[in-house]
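Below is one structure, written out as structure tokens, with a few remarks after it.
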Amino acid sequence: MSRPADLVDDLSAEPPTVSTEAPTVDVTEPAVARLRASLEVTDRRHEPLAPRPLSPHAGPGARPEAGPDPARARRRRRAALIAGAGALLAAVLGLAASATAVPTGESWGAELAVSGGDDVNVHLADGAVRLVAPSTARKRSEGVMVLAPRRPAAPTNAITSDLTADLPPGTAARVDVRGVLPNGSWSRWIPTRNEERTVLPSATTQVQARIVLLGGSGAVSPAVDQLWLTTSTTTAVPETATAPVAPSTTAVPPPVKPGGTKPAPAKPGDAKPGDTKPGDTKPSPAKPTPTTARPPASGPLGLPGLPQILSTPDPNAPDPNTPSTAVSTVPTKAPEASATKPSTSAPSTSSAAPTTTPTTPAPAIAPVVKAIWDSDITAQSLGMFKDTPWNFVGAKQPTVVPATDLPGQKALKFTMPGGAKRAEIEPNVDNFTEGQDRYIRMTVRLAPGFPTDTDTWQLITQFKNDGDGSPPLELRIGKGNYILSGGADAPGGSKNFDQTIAPAVVGKVTTLVLHVKFSSNKSEGVVDAWVDGQKKVTGFHPPAGTLYSGDFSYWKLGLYRDTSIDQAATYELSDARVGDSYASVAG
């Protein structure tokens, strides 16, 4: 085979010249000799290369290479050109790929270290994070470990958590995340679902996570072994959702408390959990132990997210409700001459009023008031609610369905079989405490056949006190109406009450808004109620207040009713919000 030098020689060689004219045949001997010599020269198309050894180790007697063949030389030239072009193309593509490739995120194993400052009721034991103080008969034990903030290599707006924990029956553990907002403050804590992407309110350069542990009965505690976190970016950001209210970085997370008991005076088969009412404690189906922690193998996973609480429109954007500030000098009585007369407005080809001039900005629009917490069921499904499996007794978790009579929206469908007891969910919102002023919205649709005329207790929401007993305030359906009730287990004796709000109509979307001033003082605790924008209850003071003394309440939604009701019940919840004004939840 020719070495590179041979290829250069071959490339520089001139192609043979073959004459097409037949030589004059001369039979004389000199002429024959000349013809023979001419043919010999023509057959030698290339001068042979000087002999070369086969290898550097060959001796003087090494076999020389044969003279190059023209056809092979052309094939070598073609092969060399193709190979060179292929190498060049591969290099270009490689450079382009490396120039356009962007990281999809980064994964890291969280350092599970108890620092003391922000961590509450947790410690490291046997290589896992566990609760220090156990649960008691009246209070469920909980703890929180706040992890150190992290700055990703690139801006991110989504986080995926992968938690490995041992969860005995009745215990739970979750991961909350947050990011730094454009104004430099931290966003609210947002609960995650294991191995599903959680979207942050906005793109951020700093993220943080915390682990919340919830104990079971007695001294049973979850044990968190590992946590992997993965950042990513996504365009699936809902426009109306808001992050749930959360404590500061030094506060304990909102407690997740056991389910309540009956809201009315004692009835047969209606005793308190752990006392005489069977099945009303927090039996929780055993949760399977997660698989061993690992970094995600194929990049970030998906789930949608949350915008900022206040949405401030562009102050330079035109307000469709504000008249144009451009004033034309053309008289309104002579529109036919407007094309030829001077005007301070922009030229227009239509007969409509002149548009705002680009140099005259519209007045700034005031910030839109947003809810403190928004279920955003259409985008989040159950993502804005806590994981509380003990809240389902005889019924299943609600399903996500297209909202009836609300095109483009989704709803949570609660289905309660006859004789069943509980199917409730808990919004991931702060507890209600003394002196708080809150507006609570629910948009529901009772399916045809819903038993609205029952004369026993049937709750669709309750503001449950911490511990056992009926709540100080609840909303139930009975005797054909929506009814405010509560106070059956008030300290010092029952102060049960019923306050009718409005008829409960089946087959119709209904929006209820409650204004509650939370207080154990009956003169301070007050409730107002609206149904579809019409105020139905004004300044109602429950006899035991809206909180029990020295206690707090938390919110529960769904169905909780007397097992003596043998009719099945179904309703849809398409919206739920908490705000600090009527406007924040009514929009």
Report summary line: Per residue, accessible area of segment 428-587 with a 1.4 Å probe, heavy atoms of protein chains only, in Å², comes to 32
Report task. At 1.4 Å probe size, with no ligands or nucleic acids counted, give the accessible surface of ASP498 in Å², nearest ten. Result -> 90
**Report entry** Extension reserve of the LYS139-SER494 stretch, reckoned as 0.36 nm per residue once the Cα distance is removed
**Finding:** 125.6 nm
Query - Cβ-defined net charge surrounding ALA209, 9 Å radius [Lys, Arg +1; Asp, Glu -1] - result: +2
**Report entry** Solvent-accessible area, 1.4 Å probe, carbon plus sulfur percent, for segment 373-442
**Finding:** 50
**Report entry** LEU227, LEU112, ranked by accessible area, largest first (probe 1.4 Å)
**Finding:** LEU112, LEU227
Query raised in the report: Do the alpha carbons of any pairs in LYS370/LYS495; LYS139/LYS479; LYS386/LYS495 sit beyond 32 Å of each other, and which pairs?
Result: LYS370/LYS495; LYS139/LYS479
**Report entry** Under-5 Å amide H pairs with VAL122, H placed in peptide plane, nonlocal only
**Finding:** VAL132, VAL144
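The values are calculated or read from the model by the stated rules, or taken from the named source; none is laboratory data. Just so you know, these numbers come straight off a predicted model, no measurement behind them. Virtual Cβ from ideal backbone geometry, glycine too; neighbours counted across all protein chains shown. SASA here: full protein model, heavy atoms, side chains in, ligands and nucleic acids out. Shrake-Rupley method; radii C 1.70, N 1.55, O 1.52, S 1.80 Å.
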